[in-house]
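The values are calculated or read from the model by the stated rules, or taken from the named source; none is laboratory data. Small disclaimer: the values here were computed from a predicted structure and weren't measured. Because the Cβ atoms are built from the backbone with ideal geometry, glycine has one as well, and the counts that use them run over all protein chains shown. Accessible surface is based on the protein model in full, side chains and every heavy atom, while ligands, DNA and RNA are left aside. Shrake-Rupley method; radii C 1.70, N 1.55, O 1.52, S 1.80 Å.
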Amino acid sequence: SCVEKVALGGGFFLPVYRSLPITEGDTLVERAVIVVHGANRNPWDYFETMILATQQAQVLDRTLVVAPHFQTLADGPEGDEPRWTSGGWKRGDQSITLPTDADGISSYGAVDRILAHLGNPSLYPRLQEVVVTGHSAGGQYAHRFAAGSRVEESFPGLRFRYIVANPSTYLYLGPERAGVGEDAGWGIPDGNACPDYNHWHYGLEKVNPYMAAQELDDVRAQLTRRDVTYLVGTEDKGSSMLDTSCGAMLQGPNRYVRGLILFAYLEAFHPTHAHQ
């Protein structure tokens, strides 16, 4: 009863869990929370957790909770539901090309469609704030989405926040990485030893179609000026489901350290950032 399918165009629909019908609107909603699932693609768990959080804060009646479902072929999507690769949905890649889906649909573009409904004042006249958040793989999604989505600029009357929780990796806005060079400070890694370390989605080289639709300098400016909060667990130092590719390991040995290094990078190279 909490599932809705949001039209994406081209005859495709994204299944989402939501606390209120998205396209019908609501005159009481003041905040909307888009919570993105992790690698297990279990949006129902994230939806339930966020519902509990809003209940405990006594704001459920004024909050719209939305948990999109980014499916792969293994999830058995219906014929009118897009499906992505297990890594592609995190990166904002296009959905898997099918005869009826020639161009594909970006997983970031899918949430853009949801936000377009929320920004409609005739549907949500009291909406003040939109939060996009995710944990682990959902945190990877939220971080890159904060850099690439242009919906925020379409609704200047709304406050947008991005909460990035314990992702396996982050998006770097330049080629520098920590612990590189003679003084083990910031430097450029050996491209021969790790040729793809700065490719999307670790960096801004060889970006996908969604990100390529705008200038990369605009991407850098968007991410640094947006309201982004990082949550990192001090004991999140294990290797379970951790990206251990060359590009990922250049960001640090584990999730906790990678979060600290990413913030140090922002302080060093983008000191006017609006992140915390």
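Here is a check on your reading of the model: is GLU182 at pLDDT 95 or above, open to solvent by 30 Å² or more (accessible area, probe 1.4 Å) and charged (D, E, K, R)? Considered against the rule, which asks whether it is at pLDDT 95 or above, open to solvent by 30 Å² or more (accessible area, probe 1.4 Å) and charged (D, E, K, R), GLU182 comes out as no. The residues of region 1-14 that are open to solvent by 10 Å² or more (accessible area, probe 1.4 Å) and in contact with a Phe, Trp or Tyr (Cβ under 9 Å, 6 or more places away or on another chain), listed by number, are CYS2, VAL3, GLU4, LYS5, ALA7.
The set of residues in region 153-171 that are open to solvent by less than 10 Å² (accessible area, probe 1.4 Å) and of a type outside the set (A, V, I, L, M, F, W, C) comprises TYR162, PRO167, SER168, THR169, TYR170.
Within region 222-247, can you find the residues that are in a helix (DSSP H, G or I), under 17 Å from the mean Cα position of the chain (by Cα) and hydrophobic (A, V, I, L, M, F, W, C)?
LEU223, the sole residue that qualifies.
Residue count for region 15-32 satisfying the condition of being under 17 Å from GLN128 (Cα atoms) and either open to solvent by 10 Å² or more (accessible area, probe 1.4 Å) or over 16 Å from the mean Cα position of the chain (by Cα) (or both): 9. Could you check how many residues of region 233-252 are under 16 Å from ASN166 (Cβ atoms), open to solvent by less than 50 Å² (accessible area, probe 1.4 Å) and not polar (S, T, N, Q)? Residues that pass the stated criteria total 7. Pairing residues of region 235-257 that are closer than 17 Å to GLY179 by Cα with residues that are charged (D, E, K, R) and loosely packed, with under 13 Cβ neighbours inside 10 Å, at Cβ distances under 7 Å and at least 6 apart in sequence or on separate chains, gives ASN254/LYS237; TYR256/LYS237.
Of the helices (runs of 4 or more DSSP H) lying entirely inside region 77-191, those containing at least 2 residues that are out of contact with any strand residue (DSSP E or B) (no Cβ under 6 Å at 6 or more places or on another chain) and either under 27 Å from GLY25 (Cβ atoms) or among the hydrophobic types (A, V, I, L, M, F, W, C) (or both) are 107-118, 137-148, 151-154. Pairs meeting the criteria (first residue in region 140-161 and in contact (Cβ under 8 Å) with a residue 60 or more places away in the chain, second residue outside any helix (DSSP H, G or I) and open to solvent by 30 Å² or more (accessible area, probe 1.4 Å), beta carbons under 6 Å, at least 6 apart or on different chains) are ARG161/ASP227.
Report, by residue number, each residue of region 204-223 that is open to solvent by less than 40 Å² (accessible area, probe 1.4 Å) and in contact (Cβ under 8 Å) with a residue 40 or more places away in the chain. Result: ASN208, TYR210, MET211, GLN214, VAL219, GLN222, LEU223.
Just one of the listed residues (GLY88, GLY138, GLY148, GLY92) is open to solvent by less than 10 Å² (accessible area, probe 1.4 Å) and in contact with a Ser or Thr (Cβ under 6 Å, 6 or more places away or on another chain), and it is GLY92. Among strands (runs of 3 or more DSSP E) entirely within region 1-56, having at least 3 residues that are over 23 Å from PRO125 (Cβ atoms) singles out 3-9, 12-18. Against the numbered list (1) closer than 24 Å to LEU52 by Cβ; (2) in contact with a Phe, Trp or Tyr (Cβ under 8 Å, 6 or more places away or on another chain), ILE114 comes up short only at (2).
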